[in-house]
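For reference, the structure discussed in these notes is given below.
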Amino acid sequence: MSNKDQHKKGEPQTAPKAEEIKDEPEVLDVLDEDETDDNVAEAELDENARLQNELDEARAAIEKEKKDYLFLMAEFDNYRKRVTREKADLLKNAGERVLLGILPIVDDFERGLDAAASDTSAEAVREGMVLIYNKLIKYLESQGVKVMESNGAEFNADFHEAIATIPAPSEDLKGKVIDTTQKGYMLNDKVLRHAKVAVGE
């Protein structure tokens, strides 16, 4: 007997149609899709929260760096102003200590002049002048000022200023300082004043 005959006789059909299978999804498949969507949404929320935390931390760090930078700039500006003020004060009062040291020598000069007015002895006046001169030179040396020894030395433009050339008395004095018209002075290792000299040729 064929299948067609069986349908005609009214026998019940046991297999569902293909169209019905396609139209009705299984319950398990629907549940799996819902869970997947929930997992994706939760993962996105977690990622967003993590990124927001990182952004907040970065903003806080930038704000802190900005405050530190502004504080540092303010400190540097205060330091610069203080140094400028101290430098101006130093330049204004730089000679105060030196001048204070010279005043006792001026006192000695005044006493010497008073003594010279009452005593006509030239030798006494000379001795007083020598004492004052030695005191002044000693004070200058204590401040780092020293006389530059020039006579007989090789002419050196770093230390000497040639104001004349004169015939050298001997061959070994050619190119050397023959006479010093104004002494030169050194302040520590720096030339304070060049010596004015006559050079042998």
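The values are calculated or read from the model by the stated rules, or taken from the named source; none is laboratory data. All figures in this text were calculated on a predicted structure; none of them were measured in a lab. Quick reminder, even Gly has a Cβ in these numbers, built from the backbone with ideal geometry, and neighbours come from all protein chains shown. Note: accessible area is taken over every heavy atom of the protein model, side chains too, but ligands, DNA and RNA are not part of it. Shrake-Rupley method; radii C 1.70, N 1.55, O 1.52, S 1.80 Å.
Wrap a convex hull around the Cα atoms of the range 57-201, take a quarter of its surface area, and give that in square nanometres. Walk me through the numbers before you get to the answer.
On the way: hull surface 66.3 nm².
Averaged projected area of the range 57-201's Cα convex hull equals 16.6 nm².
Distant-in-sequence amide contacts of Thr165, defined by a placed amide H-H separation under 5 Å and a gap of 5 or more residues or a different chain, comprise Val199. In the context of the full protein assembly, Arg193 retains an accessible surface of approximately 100 Å², using a probe radius of 1.4 Å and ignoring ligands and nucleic acids. When both bridge partners sit in the range 70-197, DSSP labels roughly 75% of those beta bridges antiparallel. Average accessible surface for the range 110-201: 70 Å² per residue, computed with a 1.4 Å probe over protein heavy atoms with every protein chain in place.
Per-residue SASA remark: Asp77, around 50 Å² accessible (1.4 Å probe; ligands, DNA and RNA not included).
For the pair Asn134 and Glu42, label points projected 7 Å from Cα toward Cβ lie 10.5 nm apart. With all pairs of different C-alpha atoms in the average, the Kirkwood value for the hydrodynamic radius of the range 117-172 is 15.2 Å. Extending 7 Å from the Cα toward the beta-carbon at both Val191 and Ser118 defines two label points whose distance is 4.8 nm. The length gained on full extension between Ala61 and Ser170, counted as 0.36 nm times the residue separation minus their Cα-Cα distance, comes to 31.0 nm.
Which order do Met186, Met73 take when ranked by solvent-accessible area (1.4 Å probe, heavy atoms of all protein chains), largest first? If you can, show how the numbers build up before the last one.
Working: Met186 35, Met73 90 Å².
I get Met73, Met186, largest accessible area first.
Accessible surface of Asp189, taken over heavy atoms with a 1.4 Å probe and every protein chain present, rounds to 150 Å².
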